[in-house]
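Colleague: Can you keep this structure in mind? I'll have questions shortly.
The values are calculated or read from the model by the stated rules, or taken from the named source; none is laboratory data. Being a predicted model, the structure only gives us computed values, none of them experimental. Methodologically, a virtual Cβ is constructed for each residue, glycine included, from the backbone with ideal geometry; neighbour enumeration extends over all protein chains shown.
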Amino acid sequence: IGMASPELLQLVENCPTGAETLIARILNIITDKAAPSSDLVRRVKDLYHKRVSDVRFLIPVLTGLEKQEIIAVLPKLIKQSPSVVKEVFNRLLGCFHSSKVSGTSPLSPSELLVALHSIEGKSDMKAVMKAISLCFAEKAIYTQEVLAIVLQQLMEINPLPTLFMRTVIQSLSICPRLIGFVMSILAKLITKQVWKQPKVWQGFVKCCQMTKPQSFSVLLQLPPRQLESAFEICPELRDNLVAHVQSFTPHQRAHIPRSVLLILDKEKKIKTEKSE
């Protein structure tokens, strides 16, 4: 049966009760190597909206949907079994694997990863995390350049997605050369008062801990109260930063706000008293 077969299109249009599984199977086979035709997409969408509410029915025609339509069903799609979710990602990302493109995807890899962060309120957080990990597993697609675009776009979402810092840390572990870019992100997050979102703030401090000594210049930009909060979350940062500032010349120290120096001096005194 071909995709343009009038019999197939009619079968989808007038799907007999009980034949849904069979039709889904046929659709999977005929769209496996070829992009779905607009006729087929229209009929499957109609069937989904009017009769069959199982989101898996849309998988064979995913690449024929509009970008917003895919984003709208993503929360339901990523709650499916692991093998189904993998099939969804194969369909959406498959055409980015080789230069021999078999059809196109309405969502670029960066748009897909950004969309996953935007649906956290509409889907189970564990499902979102697993879906994000599936993206990261596609190292040939999610390159340093793509991840930089994703992080840049995520940072512009207000409020910041809960999983934002988790994705920053994951990106950095895959592409260590993003370190300079991540430092500029951390500095911008200070201007966005990242500490107002407790979960993202915890991730910010964790990221600073992972990226020391590069992150010391970022930590020194924090307001005094937030610097103390960072030390409470990650006590070892305290000793590291105190030691770092002790190595400064008087000229370098002159550039650090007095309120921050007072906190560091206080920390130094506590440390000295403890060692005595």
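Colleague: Of the residues 166, 238, only one is part of a helix (DSSP H, G or I) and in contact with a Phe, Trp or Tyr (Cβ under 9 Å, 6 or more places away or on another chain); which? Talk me through it step by step, then tell me what you get.
Modeller: Numbers: 166 fails: in contact with a Phe, Trp or Tyr (Cβ under 9 Å, 6 or more places away or on another chain).
After applying the criteria, what remains is 238.
Colleague: Can you tell me how many residues within segment 129-154 are buried (at least 18 other Cβ atoms within 10 Å of the Cβ) and within 23 Å of residue 196 (Cα to Cα)?
Modeller: Count: 3.
Colleague: Hey, another quick one. Taking the residues in segment 47-57 that are at pLDDT 85 or above and within 25 Å of residue 85 (Cβ to Cβ) as candidates, determine which candidate is farthest from the chain's Cα centre (by Cα).
Modeller: At the first step, the residues of segment 47-57 found to be at pLDDT 85 or above are 47-50, 54-57.
Pick out the ones that are also within 25 Å of residue 85 (Cβ to Cβ) and you get 47-49, 54-57.
Numbers: 47: 32, 48: 28, 49: 29, 54: 26, 55: 22, 56: 23, 57: 26 Å.
Filtering first and then ranking leaves 47.
Colleague: Which ones in segment 241-261 are among the basic types (Lys, Arg) and either part of a loop (DSSP other than H, G, I, E, B) or surrounded by 12 or more Cβ atoms within 10 Å (Cβ to Cβ) (or both)?
Modeller: Within segment 241-261, the first condition is being among the basic types (Lys, Arg), and the residues that meet it are 253, 258.
253, the sole residue that qualifies.
Matching residues to (1) touching an Asp or Glu at 6+ places or on another chain (Cβ under 9 Å); (2) β-branched (Val, Ile, Thr); (3) surrounded by fewer than 19 Cβ atoms within 10 Å (Cβ to Cβ):
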residue: 48; (1), (2), (3): yes, no, yes
residue: 51; (1), (2), (3): yes, no, yes
residue: 64; (1), (2), (3): no, no, no
residue: 67; (1), (2), (3): yes, no, yes
residue: 79; (1), (2), (3): yes, no, yes
residue: 86; (1), (2), (3): no, no, yes
residue: 92; (1), (2), (3): no, no, no
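Colleague: All but one of (1) more than 21 Å from residue 118 (Cα to Cα); (2) in contact with a Pro (Cβ under 8 Å, 6 or more places away or on another chain) hold for residue 49, so report the exception by its number.
Modeller: Residue 49 satisfies all of (1) more than 21 Å from residue 118 (Cα to Cα); (2) in contact with a Pro (Cβ under 8 Å, 6 or more places away or on another chain) except (2).
Colleague: Are there helices (runs of 4 or more DSSP H) fully within segment 19-94 with at least 3 residues that are touching a Phe, Trp or Tyr at 6+ places or on another chain (Cβ under 9 Å)? List them. Outline the logic, then answer.
Modeller: Values: elements: 20-30, 38-50, 67-77, 82-93.
Passing ranges, in order: 20-30, 38-50.
Colleague: Follow-up. So which residues in segment 1-41 are over 25 Å from residue 90 (Cβ atoms) and of a type in the set (D, E, K, R)?
Modeller: 7, 13
Colleague: (1) of a type in the set (D, E, K, R); (2) modelled with pLDDT under 85; (3) within 30 Å of residue 136 (Cβ to Cβ): which one isn't true of residue 76, the others all being true?
Modeller: (2)
Colleague: Go through segment 108-143 and count every residue that is at pLDDT 90 or above, in a loop (DSSP other than H, G, I, E, B) and within 26 Å of residue 24 (Cβ to Cβ).
Modeller: Of the residues in that region, 1 qualify.
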